[in-house]
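Heads up: the structure comes next, in structure tokens.
The values are calculated or read from the model by the stated rules, or taken from the named source; none is laboratory data. Values in this document were obtained by computation on a predicted structure and should not be read as measured data. All Cβ positions, glycine included, derive from the backbone under ideal geometry; neighbour counts span all protein chains shown. The protein model used for the area step is the full one, side chains on, heavy atoms only, and it has no ligands, DNA or RNA in it. Shrake-Rupley method; radii C 1.70, N 1.55, O 1.52, S 1.80 Å.
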Amino acid sequence: MQTSISNTETRFSGLPISGGIAAAKVCLFNENRHSNLSVYKVTGEGVALEQNRLRQAMSLAADRLDVLVEDVAGRIGPAEAQIFEAQKAILGDAVLVKQILEDIAAAGLNAEAAITRVLDGYETRLLEVDNEYIKERASDIGEIRRRLLDVLGNMNPSLQCGDQEHCQQGQRRIVVAEELTASLTVELDARLTKGLVTERGGPTSHAAILARALGIPVVSGIKGIRSKVSCGTDLLIDGDTGEVVAWPSEATTARAKSQAKAAVRVTRAVEPVPQLTVLANISQVADADDAIAQQAEGVGLYRTEFEFLAADKILDEEEQFERYAAVVKAMDGRSVCFRLLDVGGDKGASLFELPEEENPYLGRRGCRLLLDRPELLRAQARALARASALGPVDVLYPMIVELEQFLEIKQRFCAALGELPGDRLRHGVMFEVPSACLQARELLEVADFGSIGTNDLIQYLFAVDRNNEYVAYDYTPDRPVFWSVLGQIAAAARQTGRPVSVCGEAASNPRFLPKLMELGLTTLSVSPRFISQLRLAVREG
Ligand code: PEP
Ligand code: MG
């Protein structure tokens with residue numbers, strides 16, 4: 001990844017926050033508008049005047065929030081409007097107001113300085129709490145501070161390149177900002193914003209919930225993105241995979257557009273159909289809500305590594321258990337297939353302190369890494385065994401190369417459980433490396449189930465980098481060899497009586513549905529927003 005502004009296609013990997021694909025020009029959010037605040041001392045009568053300025057600012061900020069609550073309630077929904085009600089409640093908190101008033105009097109600070117000092121203190125303390133939900137609430141405090149400073153300085157949230165055509169409302173813009181905040185999502189007239197990319201902001205943030213409700217693709221967690229692109233840079237973002245491409249080539253853009261077309265949004269859930277089982281691909285606890293809203297018949301792929309990337313730390317057994325238990329409970333008796341950590345390749349190198357490799361996709365990735373790092377496998381195995389007491393839990397092993405490797409890692413998984421019961425867990429093989437596909441029958445004889453990861457299978461079968469636009473013409477499921485490999489796995493499933501699903505992107509394209517069904521591959525796992533269109537395709541025959 002580069003550090004200076006260039007104009008050759010450059011890829012960044014972030015956290016998928018809100019699904020969908022967007023292509024537009026960058027509009028940088030003006031985060032620095034409060035960097036030159038006037039700070040002055042007040043004494044004598046000045047103190048009362050300053051306190052009055054504060055009270056007036058609070059009252060005006062509360063009025064603006066009232067307008068926002070009404071607007072959001074009408075435009076999005078009452079639950080979403082609650083987010084801003086909560087901010088208004090913070091503004092009316094008597095202890096907080098008293099503390100800022102006292103700071104003005106005791107330290108002789110002007111209103112701007114007192115607000116910054118008191119609210120920064122609260123924000124820092126919340127960020128220190130080891131609980132993701134509470135950490136996310138720190139962003140509400142940050143928003144209140146920005147609102148008050150905007151009122152006092154008569155400023156508006158603005159875009160750095162607001163005077164440029166592409167940035168103006170109604171044009172095609174992707175807003176790039178430091179932090180994903182609720183205000184940013186709704187107040188920048190999100191309906192006219194094609195997408196958002198931010199450096200910070202988690203999946204449980206209010207902003208993420210709002211973005212999903214509004215259907216705006218969002219990717220967060222790309223550190224330093226603001227200095228790597230500039231106003232007007234062409235950007236392509238995929239809110240389902242977390243991929244952001246700056247200066248995309250024509251081929252990359254064309255590929256994304258055809259994907260987006262295939263994903264014509266069907267917001268209304270479509271009832272399950274008997275001919276096809278449709279499961280959900282999720283990457284974070286919050287996505288379980290989308291799966292339920294779309295009546296997914298279970299979770300067919302939970303990419304657990306995204307929980308680690310979202311928390312920006314290696315989660316211990318307890319932290320993993322909390323997340324896994326929440327999803328199992330939310331799915332209420334429907335099975336959840338947890339893929340063991342699939343880091344390496346383009347994911348998690350710095351977080352997991354992976355040494356640089358020349359070919360990371362051919363290196364210590366997926367199960368290879370888990371075999372090298374027993375502490376990671378152990379914590380995850382134990383968390384999953386505990387979650388299996390709450391509902392059906394399947395464990396999926398990524399990047400399996402051959403039978404011996406599967407037996408070895410499964411044995412280590414079970415050994416790590418110690419006193420925990422593991423009898424309710426089902427163990428499955430991910431078919432994404434050609435050598436494992438050729439051994440499908442032997443693997444399915446010892447596994448409980450299989451899942452075909454077409455994304456990597458295409459990459460390894462045709463020796464074509466899934467992220468390299470120069471060879472994108474070779475990255476396609478439209479090849480007889482690919483279907484012949486799928487046919488062999490389907491035959492092995494029939495012979496062994498083991499269920500096999502398909503969880504790569506090819507499963508979400510209705511064009512491939514007849515071929516998959518013909519092969520007997522009638523369990524597909526896709527991003528929740530594709531569920532309805534697959535069912536409709538079956539119904540319409
Ligand atoms: C796949 O390879 O098809 C898959 C589903 O996994 P990922 O895209 O996370 O590698
Ligand atoms: Mg894969």
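A few notes on this one:
- Of residues in segment 440-462 being in a loop (DSSP other than H, G, I, E, B) and within 15 Å of residue 397 (Cα to Cα), the one nearest to ligand 1 (Cβ to nearest atom): 453
- Among the residues of segment 367-409, none is identified as within 16 Å of ligand 2 (Cβ to nearest atom), polar (S, T, N, Q) and crowded, with 21+ Cβ neighbours inside 10 Å.
- In segment 410-435, of all residues being of a type in the set (A, V, I, L, M, F, W, C) and assigned to a loop (DSSP other than H, G, I, E, B), the one that is farthest from ligand 2 (Cβ to nearest atom) corresponds to 420.
- Selected residue [in a helix (DSSP H, G or I), among the polar types (S, T, N, Q) and not assigned by TED's automatic domain parsing to the domain that holds residue 133] from 284, 295, 380: 380
- Taken across segment 22-35, residues that are surrounded by fewer than 16 Cβ atoms within 10 Å (Cβ to Cβ) and over 30 Å from residue 239 (Cα atoms) do occur, with at least one present.
- Note on segment 436-458: residues that are open to solvent by 10 Å² or more (accessible area, probe 1.4 Å) and within 15 Å of ligand 2 (Cβ to nearest atom) amount to 1.
- Selection count where residues are under 17 Å from residue 450 (Cβ atoms) and either open to solvent by less than 40 Å² (accessible area, probe 1.4 Å) or without any contact (Cβ under 8 Å) to a residue 24 or more places away in the chain (or both), scope segment 494-522: 11
- Against the numbered list (1) within 17 Å of the chain's Cα centre (by Cα); (2) of a type outside the set (Gly, Ala, Ser); (3) assigned to a loop (DSSP other than H, G, I, E, B), residue 268 comes up short only at (1).
- Where helices (runs of 4 or more DSSP H) sit wholly within segment 63-132, those with at least 1 residues that are in contact with a strand residue (DSSP E or B) (Cβ under 6 Å, 6 or more places away or on another chain) occupy 94-107.
- Where residue 337 falls short, out of the listed (1) in contact with an Asp or Glu (Cβ under 8 Å, 6 or more places away or on another chain); (2) without any contact (Cβ under 8 Å) to a residue 60 or more places away in the chain; (3) within 15 Å of ligand 1 (Cβ to nearest atom): (2)
- The listed residue being within 13 Å of ligand 1 (Cβ to nearest atom) and either more than 25 Å from residue 528 (Cα to Cα) or in contact (Cβ under 8 Å) with a residue 12 or more places away in the chain (or both), out of 305, 297, 317, 375: 305
- For segment 312-346, the set of residues classified as within 16 Å of ligand 2 (Cβ to nearest atom) and among the charged types (D, E, K, R) consists of 339, 342, 346, listed by residue number.
- The residue of segment 179-223 that is modelled with the lowest pLDDT, among those that are over 16 Å from the mean Cα position of the chain (by Cα) and of a type in the set (D, E, K, R), is 191.
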